[in-house]
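The values are calculated or read from the model by the stated rules, or taken from the named source; none is laboratory data. The model shown is predicted, which means the values in this text are computed figures rather than measured ones. All Cβ positions, even for glycine, are placed from backbone atoms using ideal geometry, and neighbour counts span all protein chains on display. For accessibility, only protein heavy atoms count, side chains too; no ligands or nucleic acids. Shrake-Rupley method; radii C 1.70, N 1.55, O 1.52, S 1.80 Å.
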Amino acid sequence: MATLIRYPDANPESTSVDGFAQYADGGGGTWGAYRGSTGSSSFPDSNIIRAQIHQHPSITNEYREMDRTVLLFDTSAMGAGATVSGATLGLVAISGTNQDDFSDSIAIVTSNPASNTNVEAADYSSLSTTLQATVK
């Protein structure tokens, strides 16, 4: 069985992308409102990809920001008609200020960004709820 190792391109992206789209309004909104938003900004060339949620500091069950990571990989070297029998994605959580113990989950879902080499604010809503791996 052949193995293909791929990483997203470094900046500038030419065949893949790693970045994130964000919805932030600085106020407060429900989980459903933030989940269903169309996005407000993007960070396509960030050195850090983020998947984070900022809860409102004084209002329970309200949020101020949600970031969604978009990772695309160039798999053209596999050739047309190739069958993928398994994949491994490695992510590392880092801490900063005001972080919890990272006991929550991150879901891997499908996306449909407007470009293979850029992340736009509207791509925030291109992420589906179709799980591509078991959430642990």
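Of all residues in the stretch 15-37, those satisfying the criterion of being closer than 23 Å to Leu91 by Cβ and open to solvent by 40 Å² or more (accessible area, probe 1.4 Å) are Thr15, Tyr23, Trp31, Arg35.
Set side by side, the residues Ser103, Ser42, Ser46 differ, and just one is assigned to a loop (DSSP other than H, G, I, E, B) and either at pLDDT 85 or above or over 14 Å from the mean Cα position of the chain (by Cα) (or both), which is Ser103. Within the stretch 20-49, residues that are at positive phi reach partners that are assigned to a strand (DSSP E or B) and at pLDDT 85 or above with beta carbons closer than 6 Å, at six or more positions or on different chains, in the pairs Gly39/Ala21; Gly39/Tyr23. Annotation note: Cβ proximity below 6 Å between a residue of the stretch 68-92 that is free of Cβ contacts under 8 Å to residues at least 12 places away in the same chain and at negative phi and a residue that is surrounded by 12 or more Cβ atoms within 10 Å (Cβ to Cβ) and hydroxyl-bearing (Ser, Thr, Tyr) (sequence gap 6+ or interchain) occurs for no pair. For Ile59, the stated conditions do not hold, so it cannot be described as under 17 Å from the mean Cα position of the chain (by Cα), modelled with pLDDT under 85, assigned to a loop (DSSP other than H, G, I, E, B) and among the β-branched types (Val, Ile, Thr). Here Tyr34 does not fit the description of being touching a helix residue (DSSP H, G or I) at 6+ places or on another chain (Cβ under 9 Å), at pLDDT 75 or above and either assigned to a loop (DSSP other than H, G, I, E, B) or of a type in the set (Phe, Trp, Tyr) (or both). Here the stretch 64-78 is the region considered, the condition is being farther than 12 Å from Tyr23 by Cα and of a type in the set (A, V, I, L, M), and the residue that is least open to solvent (accessible area, probe 1.4 Å) is Val70. As a summary of the residue check, Tyr124 satisfies the conditions (1) assigned to a loop (DSSP other than H, G, I, E, B); (2) modelled with pLDDT of 75 or more except for the one numbered (1).
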